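Read through the structure below, which is laid out as structure tokens, and then see the notes.
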Amino acid sequence: MPLAYVLNPLDRRANDRPNAEWLSQQRKRSDTRLIRIAGDATLLHDGQLVTANDTAVEPTVFLGLDTQDVPWFACRTDSAEGMRDLRSLAMEEALPPEELGMLAQARSLLQWHERRTYCSNCASKLEMADAGYRRHCPGCGMDHFPRTDPVAIMVVRHEGNILLGRQSSWKPGMYSALAGFVEPGETIEDAARREVFEESGIKVGAVRYVTSQPWPFLSNLMIGLIGDALSAKITLDEKELEDARWFSPAEARMMVERTHPEGLYAANPYAIAHELVRVVLEEP
């Protein structure tokens, strides 16, 4: 199963978005597509993503032009019937990967707008700008831009074994890579080392980048890393983790394949943590 939300074919046309006339022309085209989002869900009909345009609905954000130069927009909907959540769609591979990528973009942008009604500088009501990629404050002139929070997520190795942990809120048996938000003035590598040490007491030396994944719950960018441990003794931070342990390659492989005799398993296959474990197991 490929990583979810990483394939997005849309050309976001950043140079054209501020042009109100150009944007209006895209909106009025007969082939314009419109994605509906409600919370973490989108509208489907007969297993297909509903994208038919509705000129009576004012789209909130412009997503981009697809490979056929068809414009895509997104808006909120109050509809409950026919809605499917983005996690289930990814897990079941119910939609093409390209559509999942567009849905992640739409969901993240729309959620940001819901949380940015007023200016954090002067409390004036913000105005939409640049087709949804900026909110402007008419009171103080401040511009607000959609944010993505970087998260460093790392699988740690030591003498062939793999460090994985779990939170008490997760489903029984699931273990995943350790992760945390990158703090101000911190490199990605140092953020990963800090989080692993804080949560498990394991010190990490060399760190290398593997891949990244947009994660629209909330709007995060998961930055996947593999690190080499300098120590092996686990000192658990019980406020962060319920458990953390070293797994042998054989155990980790069974967890990926969901054949572990204790019912333990790695993170869901559409998530980057699953991919990181798989990459480590395939390396010599």
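Taken together, the values in this text are just the output of simple stated rules run on the coordinates, not laboratory data. In this text, all values refer to a predicted model and were calculated from it rather than measured experimentally. When we count neighbours, we look across all protein chains shown, and the Cβ atoms used for this are built from the backbone with ideal geometry, even at glycine.
With n ≥ 4 as the cut-off for DSSP H runs, can you work out [θ] at 222 nm for the chain, using -39500 (n - 2.57) per run divided by the number of residues, rounded to the nearest 500?
Numbers: 6 runs with 66 residues, N = 284.
Rounded to the nearest 500, it is -7000 deg cm²/dmol.
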Pull out the extension gain between K28 and T55, defined as 0.36 nm times the separation in residues minus the alpha carbon to alpha carbon distance; nm, one decimal. 9.0 nm
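In percent, what relative contact order does the chain have, based on Cα pairs under 8 Å that are 6 or more apart in sequence?
It comes to 17 percent, rounded to a whole number.
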How far apart, in nm, are two points set 7 Å out from the Cα along the Cα-to-Cβ line at F181 and at F145? 1.9 nm
For labels at R245 and S88 in the simple 7 Å Cα→Cβ model, what's the distance in nm? 3.3 nm
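Pull out the extension gain between D16 and H136, defined as 0.36 nm times the separation in residues minus the alpha carbon to alpha carbon distance; nm, one decimal.
Details: separation 120, 0.36 × 120 = 43.20 nm, distance 1.76 nm.
Length gained, D16 through H136: 41.4 nm.
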Taking only the alpha-carbon positions of the range 149-282 as identical scatterers, the Debye log10 I(q)/I(0) at q = 0.11, 0.13, 0.17, 0.21 Å⁻¹ comes out as -0.33, -0.47, -0.85, -1.35
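Between S79 and N121, what FRET efficiency comes out of the Förster formula 1/(1 + (r/R0)^6) with R0 = 45 Å and r the beta carbon distance, rounded to 0.05? Walk me through the intermediate numbers first.
Details: r = 35 Å, r/R0 = 0.79.
Efficiency at R0 = 45 Å is approximately 0.80.
What percent do you get for the relative contact order of the range 58-153 when only Cα pairs under 8 Å and 6+ apart count?
Details: 103 pairs, mean separation 19.6, N = 96.
The normalised contact order for the range 58-153 reaches 20 percent.
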Relative counts (whole %) of C-alpha pair distances in the range 52-128, using bins that are 5 Å wide: 3, 11, 19, 22, 21, 12, 7, 4, 1, 0
What residue among A267, A232, S219 has its Cα farthest toward the positive end of the dipole of the range 149-282, where the charges are +1 on Lys, Arg and -1 on Asp, Glu, each on the Cβ? A267
Local electrostatic count at V70 - Lys and Arg +1, Asp and Glu -1, tallied over other residues with Cβ under 15 Å: -1
Please list, in chain and number order, the residues 5+ apart from D243 or on another chain whose amide H is under 5 Å from its amide H, with Hs placed from the backbone. R166
What fraction of the DSSP beta bridges in the chain is antiparallel, stated in percent and rounded to the nearest 5? 70 percent
Measuring from its Cα centre, the range 149-282 shows a charge dipole (+1 at each Lys and Arg Cβ, -1 at each Asp and Glu Cβ) which, in debye to the nearest 20, is 320 debye
For peptides 85-92, 122-129, sequence by mean Cβ density within 10 Å, most packed first: 85-92, 122-129
Filtered hits (lysines, Cα-Cα < 22 Å from K203, offset >= 8 within chain) -> K233, K239
